[in-house]
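The values are calculated or read from the model by the stated rules, or taken from the named source; none is laboratory data. Fair warning: this is a prediction, and the values are worked out from it, not measured in the lab. As a convention, Cβ positions derive from the backbone with ideal geometry for all residues, glycine included, and neighbour counts pool all protein chains shown.
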Amino acid sequence: MAWFEARGLDELGARARGYFREYLSGADAWIQQNFAAVTAKVLALLGRAFELRLVYISRQIFTRTATDLAILRIHGADVRVYLKAAAAASGVITGTGQAGMTYPAGVRYLSAGQTYVTMAAFTAAGDGSFSVTVQAEATGAVTNRDGGASLTLADPALYPTLSDTAAVSSDGLGGGADVEDIEDFRARILARKGRPPQGGALPDYEAMALEVPGVLKAWAYAFTGGVGSIIVFFLFRGRPNLIPTEADVAVVQAYIDARRLIRVDGDVVAAPTAEPVDITITDLAVDTDDVRAAIAANLAAMFFERARPGVVADPFTLYRSWISEAISTATGEDSHTLSVPASDLVFTASYPVLGTINYA
């Protein structure tokens, strides 16, 4: 909420008419069609516009209430947090060519209107097979591809010995993301202000992961693989249940490897293991499609806001009351009975996601 609230026209007009009566002897600004009354209305409109501008300015001076993206970027720059630009997907593809022949970097492949370019020269093996890293020429989530997807050679006349198609590796093409949402950007700035860097503390690893385009949330845990080890779980926009693919993990791993101060051995980034939580609702007083849709939306939002991966050293408890609260606050819901789950759920090696919602 803004610190400054604009006054209404009635209040401003009354204040202006009062000034006319106070400082202009004999004037009565309450008489309709009187010059002073008309002038008071004009002054009220001017004052209203001025105060609305003050409301806008008062919002922009705080990160928590700023609405102008350009100003929010200034707030972020003050603490070295920058808006994440759109990113291109990358990953490995496989195909066949002439055995022993070396092909240059820059070979283009096509898929659903997107072009992908090989990032380095590659040589076909003795059986003609090859694997090479490609990167999309465009940016955005639309450049991601699932493992096994097919890419078509863009210039077969230039490379007649290459097969017309290549397949995306099982890890997929990942890391493609759209420009960061303003609210996600605001959350990162506030997190940076609330938890300044501490030279390699767990929040520093979470902040590094969140700097990667497409990453929505991140959690770092210590000693999961022995003394001195850490692991970073994260969620990625646009993926089913926001669970990142192996290609997404590789992108975040590479980014953290380039930034972290302590060069521990092994990978530190992993996708959380999703564990669906099925929900059964009985005795729904108002059972309509709209109410069910509102319940589903509330439950999805609750899982996103409250859930986190659980590990043995730091289990996560999904409280049954959270589920019931999400159902109760859905628009149009009057009363219900939550049958499943029947108790709180504890997770020690997985990340809870919304499963099937059943109605009985």
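With the structure loaded, tell me whether ALA209 is more than 15 Å from the chain's Cα centre (by Cα) and either surrounded by 15 or more Cβ atoms within 10 Å (Cβ to Cβ) or closer than 19 Å to TYR351 by Cβ (or both) or whether it fails that test. For ALA209, the condition - more than 15 Å from the chain's Cα centre (by Cα) and either surrounded by 15 or more Cβ atoms within 10 Å (Cβ to Cβ) or closer than 19 Å to TYR351 by Cβ (or both) - is not met. From the list ASP283, ASP314, the one residue that fits, being more than 19 Å from TYR359 (Cα to Cα) and either in contact (Cβ under 8 Å) with a residue 24 or more places away in the chain or in the same structural domain as GLY226 (by TED's automatic domain parsing) (or both), is ASP314.
Residue pairs whose Cβ atoms lie under 8 Å apart, sitting 6 or more positions apart in sequence or on different chains, and linking a residue in region 1-30 that is within 25 Å of ILE57 (Cβ to Cβ) and in contact (Cβ under 8 Å) with a residue 12 or more places away in the chain to a partner that is outside any loop (DSSP other than H, G, I, E, B) and β-branched (Val, Ile, Thr), are ALA2/VAL55; PHE4/VAL55; GLU5/VAL55; ALA6/VAL55; ALA16/THR39. Checked against the criterion of being assigned by TED's automatic domain parsing to the domain that holds LEU210 and either surrounded by 15 or more Cβ atoms within 10 Å (Cβ to Cβ) or hydrophobic (A, V, I, L, M, F, W, C) (or both), the candidates ARG188, ARG108, ARG145 yield just one match: ARG188.
Counting only strands (runs of 3 or more DSSP E) that fall entirely inside region 245-360 and contain at least 3 residues that are at negative phi and surrounded by 18 or more Cβ atoms within 10 Å (Cβ to Cβ), the qualifying elements are 274-282, 351-359.
Just one of (1) hydroxyl-bearing (Ser, Thr, Tyr); (2) touching a Phe, Trp or Tyr at 6+ places or on another chain (Cβ under 8 Å); (3) within 30 Å of ARG7 (Cα to Cα) fails for SER131. It is (3).
In region 225-244, of all residues being surrounded by 18 or more Cβ atoms within 10 Å (Cβ to Cβ) and either of a type in the set (Val, Ile, Thr) or part of a strand (DSSP E or B) (or both), the one that is modelled with the lowest pLDDT corresponds to ILE230.
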